[in-house]
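Notes for the one structure printed next.
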Amino acid sequence: MTRITCIGLGNMGGPMAANLVAAGHAVTGFDLSADMLKAAAERGVSSAPTLEQAVVDAEVVITMLPKGQHVLRVWATLVTLSRPGQLLIDCSTIDVDSARKAHQMAAAAQCLSLDAPVSGGTSGAEAGTLTFMAGGSVEAFERSRPVLEAMGRKIVHCGDDGAGQAAKICNNMILGISMIGVCEAFVLAESLGLSHQALFDVASTSSGQCWSLTSYCPVPGPVPASPANKDYQPGFAAALMLKDLKLSQEAAMASGAATPLGAAAAQLYGMLDRQGQGGRDFSAIIEMLRGKTAVE
Ligand code: NAD
């Protein structure tokens, strides 16, 4: 049993903390939202009234927060309260620069640190089947592993500080681009009189095969569990895809990498978001390509 504090108990952090409780850890939680604290308490998390009180006894602190600015603000406080050897893990999806700054703060306070963003969404967080992509020292990774295993199925050490965030934004850039590609193919098929099922049957067993097609098909029918069958309720909201694509483009600019399709995908998801569709699943971009949502 490890004493673990979870900061940020939202859609992802709440169920992740509950899985740590289920694995037998002593879990304390803190969130700015009283509703989130209450929901976590109902699942066995001891709620703390302040950040300071939440971390007082913690051996491990996990943050699951919206953006880099939130993580840096919380970690700036955490390191003033920390003890040497304490382990700090950030599971949020944030920019690589902020992740590296957070590691530097931890190192200055003699704490171990890991950036460990996740994929698998809210269903993976509930089921404890997330994939963790981790960046940091081997020592930090090995100490984190048993904690992460209570929340996920696959844990990959991607490299040094920031490597987890780098892997996350590269993966999601592939996903954004591939979803648009699959949607364009269905829109073209419609205009050529080819049925959804026929395109699916061919492409899913041919060189066009990819996750966006076979697990998350953007038209209703071929993959019954995909959000297209539920009027594009997320799933993975378009606004979150836009956030990750923007992070990939910031990183590409900063590092000088050429990512023209990533840039185009960010623009298209930006358009979808400005049309008020950010709360829908990211596969709903097919409706914009068909011209069903307002065109700018
Ligand atoms: P969320 O908005 O549901 O939860 C964030 C929580 O952080 C909120 O409850 C908020 O009150 C709390 N918070 C904000 N500032 C705080 C502070 N200073 N102290 C304490 N609590 C604070 O977001 P989420 O969906 O849980 O996502 C969290 C992170 O996980 C994001 O970085 C997101 O990109 C990433 N992510 C989300 C998904 C998904 O499907 N939702 C999938 C993969 C990764």
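Can you spot a residue in the stretch 218-233 that is under 23 Å from K168 (Cα atoms), under 22 Å from the mean Cα position of the chain (by Cα) and assigned to a helix (DSSP H, G or I)? Checked against the condition, which is being under 23 Å from K168 (Cα atoms), under 22 Å from the mean Cα position of the chain (by Cα) and assigned to a helix (DSSP H, G or I), the stretch 218-233 yields at least one hit. A count restricted to the stretch 122-175 and to residues that are closer than 23 Å to A257 by Cα, of a type outside the set (A, V, I, L, M) and part of a helix (DSSP H, G or I) stands at 6. Selection of the stretch 47-86 for residues being within 24 Å of R145 (Cβ to Cβ), of a type in the set (G, A, S) and either under 22 Å from the mean Cα position of the chain (by Cα) or not in a helix (DSSP H, G or I) (or both) yields A58, S82, G85.
Taken as a whole, the structure places V147 among residues that are touching a residue at least 60 places away in the same chain (Cβ under 8 Å) and more than 15 Å from the ligand (Cβ to nearest atom). Restricted to the stretch 239-254, and to residues there that are more than 16 Å from the ligand (Cβ to nearest atom) and at pLDDT 95 or above, the residue that is farthest from the chain's Cα centre (by Cα) is M253. Considering K243, K292, the condition of being charged (D, E, K, R) and assigned to a loop (DSSP other than H, G, I, E, B) is satisfied by K292 alone. Could you tell me how many of the residues in the stretch 170-191 are more than 16 Å from V118 (Cα to Cα) and in contact (Cβ under 8 Å) with a residue 60 or more places away in the chain? Residues that pass the stated criteria total 9. In the stretch 1-22, the residues that are farther than 14 Å from T63 by Cβ reach residues that are in a helix (DSSP H, G or I) with C-beta atoms within less than 6 angstrom, at least six apart or across chains, in these pairs: N11/T122; P15/A125; P15/E126. Exactly one residue out of I94, I89 is part of a strand (DSSP E or B), within 16 Å of the ligand (Cβ to nearest atom), of a type in the set (V, I, T) and surrounded by 20 or more Cβ atoms within 10 Å (Cβ to Cβ), and it is I89. Scanning the stretch 1-44 for residues that are crowded, with 18+ Cβ neighbours inside 10 Å, closer than 14 Å to A125 by Cβ and more than 10 Å from the ligand (Cβ to nearest atom) returns A17, A18, N19, L20, V21. Within the stretch 45-72, being surrounded by 13 or more Cβ atoms within 10 Å (Cβ to Cβ) and near the ligand (Cβ under 10 Å from one of its atoms) holds for L51, A54, T63, M64, L65, P66, K67, G68, H70, V71. Of the residues making up the stretch 176-194, those that are outside any helix (DSSP H, G or I) and loosely packed, with under 12 Cβ neighbours inside 10 Å are L192, G193.
The values are calculated or read from the model by the stated rules, or taken from the named source; none is laboratory data. Keep in mind it's a predicted model, so treat the numbers as computed, not measured. Reconstructed Cβ throughout: ideal geometry from the backbone, glycine too, with neighbour counts over all protein chains shown.
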